[in-house]
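Asker: Can you read through this structure? Questions will come right after.
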Amino acid sequence: MSHDHDHTDPPSDLELRVKALESLLLEKGLVKQDALNAIIETYEHQVGPKNGAHVVAKAWSDLSFKQALLADATATVADLGYVGRQGEHLTVVENTSDIHNLVVCTLCSCYPWTLLGLPPVWYKSAPYRARAVSEPRAVLSEFGTVLPEHTDIRVWDSTSEMRYLVLPERPAGTGGWRESQLQALVTRNSMIGVELLRHREEVK
Amino acid sequence: MNGGHDLGGRQGFGSVNAEPESEEPLFHAEWERRIFALTLATGMLGQWNIDESRHARERQHPADYLKHSYYENWLVGLEKLLAEKDLVARIEQDAQCFRVPDAAAARQILRTGGPTRLPDLTQPRFRSGDRVRVARCQRAGHTRAPTYVQGAGGTVVDHYGTHIYPDQNAAGQRAGEHLYCVRFEGTELWGSESSSQSVYVDLWEPYLEEIS
Amino acid sequence: MSLFPDQPAENGEPVFKEPWEAQAFSLVIALHESGVFSWDEWSDALAQAIRRDLHPGGGEEVVQRVSEAVAEDAGEDVGEEAGKKTSERMAEKEDRPDSYYQHWLAALEHLAIAKGLSGAGELAQRVQAWREAYLATPHGQPVELACGQRSV
């Protein structure tokens with residue numbers, strides 16, 4: 001059967017709507033192409049979980065930094081250059097052997113962009129937003145995280161412009177590691193609070 | 001409004017099914033990348049604030065809100081704001097009416113962000129340790145008092161100072177109210193059989209009533 | 001029962017005397033479905049259109065009654081009886097079938113201005129322009145909007 005080459009199949013309505021929007025806004029001068037590129041480049045290459053991992057590894061390595069971070073996260077990470085949109089006001093909550101923190105935004109998808117970049121799809125999904133506050137242990141188990149019965153699980157619902165970052169527990173067996181080695185251990189999910197960090201020999 | 005977005009505690013959505021962190025792309029399609037950038041870039045025109053933007057996404061039939069993917073709701077919100085604010089017609093009438101950022105200005109705006117802290121003009125009504133109850137409130141407009149805490153009692157654990165009050169900001173009226181972090185026991189929210197231990201929610205003073 | 005009281009109808013189906021009446025009707029339905037306005041807003045706009053077009057000197061009382069009637073009928077739990085009363089009340093004042101869609105058109109024009117719909121319409125046209133551009137572009141070649149299509 002011969003293939004019809006004199007047309008191109010239009011993409012989905014959704015894609016056409018976005019194309020229509022972009023071409024209209026560009027043509028009318030309401031947005032500039034280089035500004036769009038700068039925005040995309042910022043979140044694809046500059047802002048991401050490596051920022052948060054830097055903060056966490058530094059807190060593990062430097063007690064006075066950690067104390068400052070827990071007392072005033074906004075100012076403390078600003079000193080490292082982590083400032084900007086969706087990170088204007090920050091609180092860092094610390095996991096310990098008895099306390100586990102978990103962050104959610106039930107009303108939309110508030111997330112500390114300056115330290116973690118853009119949120120993953122699951123964080124923005126209805127199941128996570130609905131269940132993190134009402135059945136955190138079940139949600140955590142879906143990430144493979146099973147906590148002892150006695151652990152105090154604290155769920156932070158980001159309803160204001162205050163953004164929450166979890167300071168995970170430093171994995172055992174990492175004494176004497178350099179900050180850069182520690183940084184490589186820190187996952188995005190551990191800073192949202194859905195997983196614990198383990199000593200991974202291969203990282204060292 | 002308690003539309004499709006007001007999800008805390010809702011049941012029936014099934015499991016989370018997260019993609020593994022190491023495998024998840026930042027955007028799952030080119031159109032997501034485009035609508036993300038367009039939403040931020042048009043937001044930089046200063047014609048609406050973040051609460052108006054959230055409210056534009058929320059103002060949908062709940063079934064539509066839940067059916068749509070995250071960035072699809074962003075598209076719906078932006079289409080709505082462009083029409084309601086009449087941006088295309090306004091720039092056609094007066095090409096100079098908006099300050100449209102270039103790349104350097106866009107980067108600067110992203111770095112500056114939009115802090116919501118305002119000077120404290122009034123004394124806070126509550127202190128850490130105070131027992132409070134979230135007032136029941138069903139209004140048509142935007143609010144950041146989730147349904148699942150309305151009517152529930154909790155304890156103030158922090159006072160964040162005066163912040164822009166979203167309920168009024170979404171209507172284009174910038175005003176400040178004291179913002180608190182309130183701790184709720186899981187059993188207060190979900191009943192005695194709940195396995196949830198505590199939930200911390202940021203709430204503005206007008207949402208709260210004193211428990212004597 | 002009909003969401004719209006006094007709409008010219010046969011066997012429950014809308015009856016249109018001219019093509020533009022059907023267009024105005026479907027446009028209102030489509031704009032509501034896309035979330036541009038609620039039925040409450042529509043009933044207000046319709047009531048105002050009736051006041052402007054038929055009672056340029058005033059008629060607040062009629063507007064109030066029409067507004068109430070439309071709002072009532074837009075509700076889900078309004079029975080047949082209430083609908084009939086509404087029709088009778090309005091029939092006292094106006095020759096409804098002749099002017100019915102003129103009022104719709106006037107209300108639609110006012111709502112379109114109030115809602116800044118020129119932008120929305122432009123977007124809808126542009127979606128179609130992109131669709132046509134795809135269909136007109138040979139497979140494998142980059143798809144671009146032609147200049148003529150762009151200036152919608």
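The values are calculated or read from the model by the stated rules, or taken from the named source; none is laboratory data. Quick caveat: nothing in here was measured; it's all calculated off a predicted structure. Cβ placement follows ideal geometry from the backbone for every residue including glycine, while neighbour counts extend to all protein chains displayed. Remember, those area values only see protein heavy atoms, side chains included, never the ligands or the DNA or RNA. Shrake-Rupley method; radii C 1.70, N 1.55, O 1.52, S 1.80 Å.
For every residue, the table says whether it meets (1) touching a residue at least 60 places away in the same chain (Cβ under 8 Å); (2) hydrophobic (A, V, I, L, M, F, W, C); (3) not assigned by TED's automatic domain parsing to the domain that holds A:Ile39.
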residue: A:Ser109; (1), (2), (3): no, no, yes
residue: A:Trp113; (1), (2), (3): yes, yes, yes
residue: A:Leu116; (1), (2), (3): yes, yes, yes
residue: A:Pro120; (1), (2), (3): yes, no, yes
residue: A:Ser125; (1), (2), (3): no, no, yes
residue: A:Arg129; (1), (2), (3): no, no, yes
residue: A:Ala132; (1), (2), (3): no, yes, yes
residue: A:Arg137; (1), (2), (3): no, no, yes
residue: A:Glu142; (1), (2), (3): no, no, yes
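Asker: Oh, and also: For the subset of the stretch B:1-34 comprising residues that are in contact (Cβ under 8 Å) with a residue 40 or more places away in the chain and not aromatic (Phe, Trp, Tyr), which member is most open to solvent (accessible area, probe 1.4 Å)?
Answerer: Here the answer is B:Asn2.
Asker: For the stretch A:106-130, how many residues are within 12 Å of the chain's Cα centre (by Cα) and closer than 20 Å to A:Ser160 by Cβ?
Answerer: Number of matching residues: 12.
Asker: Of all residues in the stretch A:159-178, count the ones that are at the interface with chain B (Cβ under 7 Å from one of its Cβ atoms) and not hydrophobic (A, V, I, L, M, F, W, C).
Answerer: Residues that pass the stated criteria total 3.
Asker: Can you pull out every residue in the stretch B:117-150 that is in contact with a Gly (Cβ under 9 Å, 6 or more places away or on another chain), of a type outside the set (Asp, Glu) and assigned to a loop (DSSP other than H, G, I, E, B)?
Answerer: Scanning the stretch B:117-150 gives B:Leu118, B:Pro119, B:Leu121, B:Thr122, B:Pro124, B:Ala135, B:Arg136, B:Pro146.
Asker: Further, regarding this structure: Of these, B:Ala83, B:Ala140, which one is within 11 Å of another protein chain (Cβ to nearest Cβ), surrounded by fewer than 18 Cβ atoms within 10 Å (Cβ to Cβ) and modelled with pLDDT under 95?
Answerer: Exactly one residue qualifies, and that residue is B:Ala140.
Asker: Go through the stretch B:182-212 and report how many residues are more than 12 Å from B:Val134 (Cα to Cα) and of a type in the set (A, V, I, L, M, F, W, C).
Answerer: Number of matching residues: 2.
Asker: With the stretch A:110-152 as the region, which helices (runs of 4 or more DSSP H) entirely inside it contain at least 2 residues that are at the interface with another protein chain (Cβ under 7 Å from one of its Cβ atoms)?
Answerer: A:121-124, A:126-131, A:136-142
Asker: Pick out the one residue from B:Gln123, B:Gln150, B:Gln168 that is more than 9 Å from chain A (Cβ to nearest Cβ), surrounded by 13 or more Cβ atoms within 10 Å (Cβ to Cβ), modelled with pLDDT of 95 or more and more than 15 Å from the chain's Cα centre (by Cα).
Answerer: It is B:Gln150.
Asker: Checking the structure you have, find out if any residue of the stretch B:38-48 is surrounded by 20 or more Cβ atoms within 10 Å (Cβ to Cβ), more than 9 Å from chain A (Cβ to nearest Cβ) and in a loop (DSSP other than H, G, I, E, B).
Answerer: So far as the stretch B:38-48 goes, yes, one or more of its residues are surrounded by 20 or more Cβ atoms within 10 Å (Cβ to Cβ), more than 9 Å from chain A (Cβ to nearest Cβ) and in a loop (DSSP other than H, G, I, E, B).
Asker: When you check A:His54 against the structure, is it at pLDDT below 95 and either in a helix (DSSP H, G or I) or among the β-branched types (Val, Ile, Thr) (or both), yes or no?
Answerer: Details: at pLDDT below 95: no; either in a helix (DSSP H, G or I) or among the β-branched types (Val, Ile, Thr) (or both): yes.
No; evaluated as a whole, the condition is false for this residue.
Asker: Report the residue count in the stretch B:64-80 for those that are more than 27 Å from B:Phe13 (Cα to Cα) and either more than 11 Å from chain C (Cβ to nearest Cβ) or hydrophobic (A, V, I, L, M, F, W, C) (or both).
Answerer: Summing the residues that are more than 27 Å from B:Phe13 (Cα to Cα) and either more than 11 Å from chain C (Cβ to nearest Cβ) or hydrophobic (A, V, I, L, M, F, W, C) (or both) in the stretch B:64-80 gives 0.
Asker: Moving on to the next point. For A:Ile192, which of the numbered conditions (1) without any contact (Cβ under 8 Å) to a residue 12 or more places away in the chain; (2) under 20 Å from A:Ile99 (Cβ atoms) fails to hold?
Answerer: Every listed condition holds for A:Ile192 apart from (1).
Asker: If we keep just the residues of the stretch B:49-69 that are hydroxyl-bearing (Ser, Thr, Tyr) and surrounded by 18 or more Cβ atoms within 10 Å (Cβ to Cβ), which is farthest from the chain's Cα centre (by Cα)?
Answerer: Step by step, filter the stretch B:49-69, then rank; the result is B:Tyr65.
Asker: Follow-up question, since we're still on this one. Within the stretch B:191-202, how many residues are within 18 Å of the chain's Cα centre (by Cα) and either open to solvent by 10 Å² or more (accessible area, probe 1.4 Å) or more than 7 Å from every other protein chain (Cβ to nearest Cβ) (or both)?
Answerer: Within the stretch B:191-202, residues that are within 18 Å of the chain's Cα centre (by Cα) and either open to solvent by 10 Å² or more (accessible area, probe 1.4 Å) or more than 7 Å from every other protein chain (Cβ to nearest Cβ) (or both) number 1.
Asker: Within the set of pairs 6 or more residues apart or between chains, which connect a residue that is within 15 Å of B:Ile50 (Cα to Cα) inside the stretch A:84-104 to a residue that is open to solvent by 10 Å² or more (accessible area, probe 1.4 Å) and assigned to a strand (DSSP E or B) with Cβ atoms less than 7 Å apart?
Answerer: Going by the 7 Å Cβ cut-off, the qualifying pairs are A:His89/A:Met162; A:His89/B:Arg117.
Asker: Please state which one of B:Ala83, B:Ala56, B:Ala105, B:Ala95 is assigned to a helix (DSSP H, G or I) and closer than 16 Å to A:Leu25 by Cα.
Answerer: Of the residues listed, the single one that is assigned to a helix (DSSP H, G or I) and closer than 16 Å to A:Leu25 by Cα is B:Ala83.
Asker: Only one of A:Gly29, A:Gly52, A:Gly48, A:Gly84 is surrounded by fewer than 21 Cβ atoms within 10 Å (Cβ to Cβ) and away from chain C (no Cβ under 14 Å). Can you tell me which? First the steps, then the outcome.
Answerer: Values: A:Gly29 fails: away from chain C (no Cβ under 14 Å); A:Gly52 fails: surrounded by fewer than 21 Cβ atoms within 10 Å (Cβ to Cβ); A:Gly84 fails: surrounded by fewer than 21 Cβ atoms within 10 Å (Cβ to Cβ).
The match here is A:Gly48.
Asker: Do we find that B:Val157 is in contact (Cβ under 8 Å) with a residue 40 or more places away in the chain, in contact with a Cys (Cβ under 7 Å, 6 or more places away or on another chain) and assigned to a strand (DSSP E or B) in this structure?
Answerer: On the way: in contact (Cβ under 8 Å) with a residue 40 or more places away in the chain: yes; in contact with a Cys (Cβ under 7 Å, 6 or more places away or on another chain): yes; assigned to a strand (DSSP E or B): yes.
Taking the combined requirement at face value, the residue satisfies it.
Asker: Related question: Does the stretch B:179-188 contain at least one residue that is closer than 22 Å to B:Gln11 by Cα, among the polar types (S, T, N, Q), more than 15 Å from the chain's Cα centre (by Cα) and not in a loop (DSSP other than H, G, I, E, B)?
Answerer: Scanning the stretch B:179-188, I find at least one residue that is closer than 22 Å to B:Gln11 by Cα, among the polar types (S, T, N, Q), more than 15 Å from the chain's Cα centre (by Cα) and not in a loop (DSSP other than H, G, I, E, B), so the answer is yes.
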